[in-house]
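A short write-up of the structure that comes next.
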Amino acid sequence: MVSRPRMSGGTGSGGLSELATDVRRAREAVLARRVAPVVREDLVRAQRVLLAALEAYVAELVVRRLPVPHRLRDDLRLQRELWGGGGRRKSSATLE
């Protein structure tokens, strides 16, 4: 089962490290679900959790007025393009 990332809301000193751990675990879950045999529903669920974890981590960085690393920003942009808009993958024809 894939767990949902938590939002720290800017409180607590462990917020960023916990959110970073959520991102790492979500990435690991996506990678694990890409191995055959692939169960599409599990992979999609894991990708949605990754998107939520990335969103939460970036939001916390913004709240704290910290820079968003390029890799993180690019990964979030990619995940938003693929899974944003209701969580359904957009067709490649709609991506710019």
- Query: Stretch residue 66-residue 36 to full length: gain in nm at 0.36 nm per residue minus the Cα-Cα span?
  - Reply: 6.9 nm
- Item | Packing-based order for 74-80, 62-68, 46-52, using average beta carbon neighbours within 10 Å, highest first | 46-52, 74-80, 62-68
- Message: Can you compute 3J(HN,Hα) from phi for each residue in region 51-62, using the Karplus curve 6.51 cos²θ - 1.76 cosθ + 1.60 with θ = phi - 60°, rounded to whole Hz and x for Gly and Pro?
- Response: 4, 5, 5, 4, 4, 5, 5, 5, 4, 5, 4, 5
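Only the coordinates and a few stated rules stand behind these numbers; no lab work does. All figures in this text were calculated on a predicted structure; none of them were measured in a lab. We place every Cβ from the backbone using ideal geometry, glycine too, and count neighbours over all the protein chains shown.
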